[in-house]
Amino acid sequence: MKLSLSRRTLLSGAIAGTVLLGLPACSSAVGQQGSGEVEKGGTFTGGISTDLVPANFFTNSNAGVTTVIGLTYESLVSYPVDRLEPKPKLAESWTVSPDGRTVTLRLRDDVKFHTGRPFTSQDVAFSLRTYADPKWNGQLKSTAQAIESIGTDQPHTAVLKLKHPLGNLFDLLEIVPIVDEKTFSGVGDGSRYVGTGPFKFEKWTPNARLRFVKNPDYWVPERPYLDAVDISVVTDATALTNRLRSGQIDYAYGIGYHDIERLEKTGRFGKIQLAGAENQIYVGTNVTAEGLSDVRVRKAIAHALDRDRIIAEVFRGSGYPADLPWPKTSPAYDAKLNTTYRRDLAKAKALLADYGKKVPTLTYSYASPVPQYEATAQIVQANLKEIGIEVKLEPLDPPTFVAQLIGGKFKGLWTTYHSWAQYTPSTLTVSAYPFNALKNTSHYSSPAYTKNAEAAWKQTKGDSAEAKQAYAALSRDLLDGLFLIEIGIVEQRWAVSDKVKGVGYTKRSELVLTDARLTG
Amino acid sequence: MTSYLLRRLPSLAVVLAVSSVLIFGLLRLVPGDPAVTLAGANATPDAVAAIRHELGLDRPVAGQYLHWLAGLVTLDLGRSHIVGGGIGSLVGSALGYTLLLTASALLLAVVAALVLGTLWAGTRRPWVDHLLTGANTLAIAVPTFVLGVALALLFGVVFPVLPTGGVPREGLLADPGITAQYLLLPTICLALPVGGVLTRYLAESLRTELAQPYVVTALAAGISRRRVLVRHALRNVLPTSLTVLGLQTGAVLGGAVLIEFTFSWPGIGMLIERAITGRDYPVVQVLLMLSVTIFVVLQLLTDAAHALLDPRIRLGGTR
């Protein structure tokens, strides 16, 4: 007994000793993490669920890209998140000629790139031309391609000559980050990001982290407050939540709606709801499929959808039901038109009775595993069963889903998000493929829709009475044609700890930390 | 042994060549390609065509294969389409993380198996036996994805003494003490099931060995039980245990994928998961080729180590 005990003591002592070896002797990894306790300076730590994809630099499509652009780059003008009113940024002021085809931008003369090189009109020309290159897949490349020439005779004046008036030119100027031509090759492989923004890009470690340090020569005086920004890539949503709860990070982009609710209940965390940077969730239809080719069937589906339930249950109330893509912040928003297809099972059944034939079982595709799509698809399936339409769910892995979406290969219905309705309304119809008037996933075409989309694009004053009429015509086309059945407008949520203040965002969900501070 | 290894080389080359064709061909049969992944849900078909051209995916498949093969032979691994950057540095960095994690997990598993396996076989106290049986069953039965989340919650959130995941901010080499703390939870998680299997195997073999007549003789001659166990029996069961260790190394590498995901450890598992989901052809190809090579080499090494440990084994009949 004695021998055994002493052996056991020795053993457990040895194991405990090994485990504890590093702990008291050296500094603690837990103590090192977190954002620190100072008002000015300090390192802001955050986590994102999707890593940077360098080839997607101009597409605004994932958290890695929006983090880099939001911290490192600036554009010529900026919109407040709730209005489409251009405010000066790198361009101090601008004039538009009466025919709408010449735009003169006066640029700030006190701005330098992170390499120390002064910012000039040449950089404006390079950035806009690069954005127009199809290989970068910029969402507004058709707008950028409609710029005929860019005059750069004077270093601080850029003169844009347009092929025709453009209703969404300022959207383009708001979206395109001004890049440095000399180091641009580094953007393609993720090695160098040189902009004019408040933070300098330091290093990207794929699948692990992004690091930024303060730009001491930033043109806005006394900004930014922070010394450095450290963003970890945490692809697993549970792991991301745990990081936030353990205090390792103070900001998280990619936590589910339910988890954010639970975090809020602890009292130590809050949410930032990205109003003004909305996404839309919708049910798409292939209008060449049997049954769906009749608009009465599509209208019956629209009347059967329980939009309130989807917004409340799947998105925990972070948004509102909609029949049209336009969010409340859009000049095209019309509360009356937006409730055209209220849930009304009797009406839906009447429409189907009018159609007369039996609707065949519809295949319903969505990307998997994405919890929001799965939950939405199940609710829609139940809704359609109520009016006697059978639906077969078809989960697809994301690349297959996108390949079918772009190729127009869906057999019946599908669900995903679309975006770009938070900008000038014409931006949606000329840029988002599901809405493209000439060629779209639904195989829908209508001369009236094509004409009205083109007319809306050429409105020079995006919020004039004439423009609003053009948008209303477009909205009615969308409601009558009903090739995409909107479910609702969704606002994403970020989770933040109570240790950080002043975290901002843009209409493209980019992280803005110019005014951010750490508090104890 | 050198000539044995040399004679194995041609068959190794054939295995690698066949797998390169299979890997390249099968990947292209999967629906969706990197251009589509990059284009995203709002893109137009001409944007996809432009990206496909940019990536060289519009060239004939045979030409693409030969180009890739030529690159492999000259050790130019190419560039990643989706993850971004040179594949050499991507794989190199990820491999470093994975090797560190698997090596520490194997070390922990081997040490645990040697100590606990010997104790388990040697004990004559029922409660020690029951305790070890229970712990061993749990270690093997609890899936790593459950254990990972449980450990992260317990030691990261409830008792915040260790990081819940990630890697040191200043890099692995900046402060070994900090690195060890980041490494501890994923290592335990990865080592536990493997350690369990090894412990059980070792204990079982030891018990068989202890029933041998020479043990009875030795005990009768007055040699202490502990000495017989450690000096004689353990020595005899080590070679066969090594084969089990070789097999379990494969399991550790496989298990690392899940552990890396749970603890956001940027190793090969994370890289391959992202590359497959994004249809990042060049990265997946290189990683699959790498795993084929590693398994083939591991098998060779196990054979060689066997010969070193057990004097009765002669590889390929040579002396």
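The values are calculated or read from the model by the stated rules, or taken from the named source; none is laboratory data. It should be emphasised that the depicted structure is a prediction, and the values quoted were computed from it without experimental measurement. Cβ: placed from backbone, ideal geometry, glycine included. Neighbour counts: every protein chain shown. Protein only, heavy atoms only, side chains kept; ligands, DNA and RNA dropped before computing areas. Shrake-Rupley method; radii C 1.70, N 1.55, O 1.52, S 1.80 Å.
Please find, within the stretch B:68-85, the residue that is nearest to the other protein chains (Cβ to nearest Cβ) out of those that are over 16 Å from residue B:57 (Cα atoms) and touching a residue at least 24 places away in the same chain (Cβ under 8 Å).
Per the stated criteria, the residue is B:83.
Six or more apart or on different chains, Cβ atoms under 8 Å: show the pairs whose first residue is in the stretch B:170-189 and buried (at least 18 other Cβ atoms within 10 Å of the Cβ) and whose second is modelled with pLDDT of 90 or more and hydroxyl-bearing (Ser, Thr, Tyr).
Short answer, once both residue conditions are applied: B:183/B:104; B:187/B:104.
Conditions (1) closer than 25 Å to residue B:141 by Cα; (2) open to solvent by less than 50 Å² (accessible area, probe 1.4 Å); (3) at the interface with another protein chain (Cβ under 10 Å from one of its Cβ atoms); (4) more than 12 Å from the chain's Cα centre (by Cα), marked per residue:
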site: B:256; (1), (2), (3), (4): yes, yes, no, no
site: B:259; (1), (2), (3), (4): yes, yes, no, no
site: B:263; (1), (2), (3), (4): yes, yes, yes, yes
site: B:277; (1), (2), (3), (4): no, no, yes, yes
site: B:281; (1), (2), (3), (4): no, yes, no, yes
site: B:285; (1), (2), (3), (4): no, yes, no, yes
site: B:288; (1), (2), (3), (4): no, no, no, yes
site: B:292; (1), (2), (3), (4): no, yes, no, yes
site: B:299; (1), (2), (3), (4): no, no, no, yes
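When you check residue B:208 against the structure, is it within 11 Å of another protein chain (Cβ to nearest Cβ) and part of a helix (DSSP H, G or I), yes or no?
no
For the stretch B:116-123, indicate whether the set of residues that are open to solvent by less than 60 Å² (accessible area, probe 1.4 Å), within 17 Å of residue B:188 (Cβ to Cβ), in contact with a helix residue (DSSP H, G or I) (Cβ under 6 Å, 6 or more places away or on another chain) and not aliphatic (A, V, I, L, M) is non-empty.
For the stretch B:116-123, residues open to solvent by less than 60 Å² (accessible area, probe 1.4 Å), within 17 Å of residue B:188 (Cβ to Cβ), in contact with a helix residue (DSSP H, G or I) (Cβ under 6 Å, 6 or more places away or on another chain) and not aliphatic (A, V, I, L, M): absent.
Residue by residue through the stretch A:503-518, note down the ones that are within 12 Å of residue A:72 (Cβ to Cβ) and β-branched (Val, Ile, Thr).
Listed by number, the residues that qualify are A:512, A:514.
Filter the stretch A:357-388 for residues that are assigned to a loop (DSSP other than H, G, I, E, B) and open to solvent by 60 Å² or more (accessible area, probe 1.4 Å) and give the result.
Correct list: A:357, A:358, A:361, A:369.
Return yes or no: is residue B:15 β-branched (Val, Ile, Thr) and within 30 Å of residue A:134 (Cα to Cα)?
When the stated conditions are applied, residue B:15 does not pass them.
Would you check if residue B:155 is within 22 Å of the chain's Cα centre (by Cα), at negative phi and touching a residue at least 12 places away in the same chain (Cβ under 8 Å)?
No: the conditions fail for residue B:155.
For residue B:237, work out the one condition from (1) surrounded by fewer than 18 Cβ atoms within 10 Å (Cβ to Cβ); (2) free of Cβ contacts under 8 Å to residues at least 40 places away in the same chain; (3) more than 14 Å from chain A (Cβ to nearest Cβ) it doesn't fulfil.
Of the numbered conditions (1) surrounded by fewer than 18 Cβ atoms within 10 Å (Cβ to Cβ); (2) free of Cβ contacts under 8 Å to residues at least 40 places away in the same chain; (3) more than 14 Å from chain A (Cβ to nearest Cβ), the odd one out for residue B:237 is (1).
Within the stretch A:331-367, track down each residue that is of a type outside the set (Phe, Trp, Tyr), touching a residue at least 24 places away in the same chain (Cβ under 8 Å) and touching a Leu at 6+ places or on another chain (Cβ under 8 Å).
Correct list: A:331, A:332, A:334, A:337, A:340, A:343, A:359, A:362, A:363, A:365, A:367.
Rundown of residues vs (1) in the same structural domain as residue A:46 (by TED's automatic domain parsing); (2) under 23 Å from the mean Cα position of the chain (by Cα), yes/no style:
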| position | (1), (2) |
| --- | --- |
| A:148 | no, no |
| A:180 | no, no |
| A:204 | yes, yes |
| A:207 | yes, yes |
| A:214 | yes, no |
| A:228 | yes, no |
| A:232 | yes, yes |
| A:237 | yes, yes |
| A:245 | yes, no |
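Restricting the search to the stretch A:292-323, which residues are assigned to a strand (DSSP E or B) and either buried (at least 23 other Cβ atoms within 10 Å of the Cβ) or polar (S, T, N, Q) (or both)?
A:319
Could you tell me whether residue A:406 is touching a residue at least 12 places away in the same chain (Cβ under 8 Å), away from chain B (no Cβ under 14 Å), crowded, with 19+ Cβ neighbours inside 10 Å and of a type in the set (Val, Ile, Thr)?
No; evaluated as a whole, the condition is false for this residue.
Per-residue answers, yes or no, for (1) over 25 Å from the mean Cα position of the chain (by Cα); (2) exposed (fewer than 11 other Cβ atoms within 10 Å of the Cβ):
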position: B:10; (1), (2): yes, yes
position: B:22; (1), (2): no, no
position: B:28; (1), (2): yes, no
position: B:40; (1), (2): yes, no
position: B:62; (1), (2): yes, yes
position: B:67; (1), (2): yes, no
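Of all residues in the stretch A:209-234, which are β-branched (Val, Ile, Thr), in a strand (DSSP E or B) and under 15 Å from residue A:113 (Cα atoms)?
The answer is A:213, and nothing else.
Being of a type outside the set (Lys, Arg) and more than 14 Å from every other protein chain (Cβ to nearest Cβ) is the requirement here; does residue A:70 meet it?
Against the criterion (of a type outside the set (Lys, Arg) and more than 14 Å from every other protein chain (Cβ to nearest Cβ)), residue A:70 qualifies.
Looking only at the stretch A:423-439, which residues are closer than 14 Å to residue A:167 by Cα and assigned to a loop (DSSP other than H, G, I, E, B)?
Matches in the stretch A:423-439: A:423, A:424.
I'm checking my understanding of the structure. Among residues of the stretch A:460-474 that are part of a loop (DSSP other than H, G, I, E, B) and in contact with a Pro (Cβ under 8 Å, 6 or more places away or on another chain), which one is least open to solvent (accessible area, probe 1.4 Å)?
A:462
Given the options A:395, A:425, A:434, name the one that is touching a residue at least 24 places away in the same chain (Cβ under 8 Å) and surrounded by fewer than 18 Cβ atoms within 10 Å (Cβ to Cβ).
After applying the criteria, what remains is A:395.
For residues in the stretch B:42-60 being open to solvent by 80 Å² or more (accessible area, probe 1.4 Å) and assigned to a loop (DSSP other than H, G, I, E, B), which is farthest from residue A:436 (Cα to Cα)?
B:60
Out of A:475, A:446, A:464, A:419, I need the residue that is away from chain B (no Cβ under 14 Å), within 23 Å of residue A:332 (Cβ to Cβ) and touching a residue at least 40 places away in the same chain (Cβ under 8 Å). Which one?
On inspection, the qualifying residue turns out to be A:475.
Any residue in the stretch A:254-282 that's closer than 20 Å to residue A:415 by Cβ: show its pairings with residues that are open to solvent by 20 Å² or more (accessible area, probe 1.4 Å) and basic (Lys, Arg) at Cβ separation under 7 Å, as long as the two are six or more apart or on different chains.
The qualifying pairs are A:257/A:316; A:257/A:493; A:258/A:316.
Exactly one condition in (1) under 30 Å from residue B:277 (Cα atoms); (2) polar (S, T, N, Q); (3) assigned to a loop (DSSP other than H, G, I, E, B) is not met by residue A:329; state its number.
(1)
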